[in-house]
Amino acid sequence: MNNLVQNVEKWARDKDLLVPENATRQMLKVMEELGETASALAKNDQAELKDGIGDVFVTMIILANQCGFTPYECLLTAWNEISDRKGVTVDGIFIKE
């Protein structure tokens, strides 16, 4: 995973995408890819779903870098927030207490 993240970061750097001022536009790209992923899920298109999830990862890695974070820092922050969270799953949705 680390090598793939580094490859994405290098690709983005080579394309001049890691510019902090572009973070709001990058967020729009994240939302576009998320929408395509939702569409693939709704259509049960496994190939497009896998590609869409990957595209969301790529766009989020770029966004994290534009905002001055590493993907690891972001994931660690989220993990630390949810790791001890209590709640129940109802109809496939986790409801926190």
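One residue stands out among those in the range 41-97 that are of a type in the set (Phe, Trp, Tyr) and closer than 21 Å to Trp11 by Cβ: the one that is most open to solvent (accessible area, probe 1.4 Å), which is Tyr72. Residues of the range 12-33 that are closer than 11 Å to Val56 by Cα and of a type in the set (Val, Ile, Thr): Val30 alone. Looking at Lys96, is it at pLDDT below 95 and of a type outside the set (Phe, Trp, Tyr)? Spelling it out, Lys96 is indeed at pLDDT below 95 and of a type outside the set (Phe, Trp, Tyr).
The values are calculated or read from the model by the stated rules, or taken from the named source; none is laboratory data. What you are looking at is a predicted structure, and each value in this text was computed from that prediction instead of being measured. Cβ: placed from backbone, ideal geometry, glycine included. Neighbour counts: every protein chain shown. To get the accessible areas, we keep the full protein, side chains included, count just its heavy atoms, and leave off ligands, DNA and RNA. Shrake-Rupley method; radii C 1.70, N 1.55, O 1.52, S 1.80 Å.
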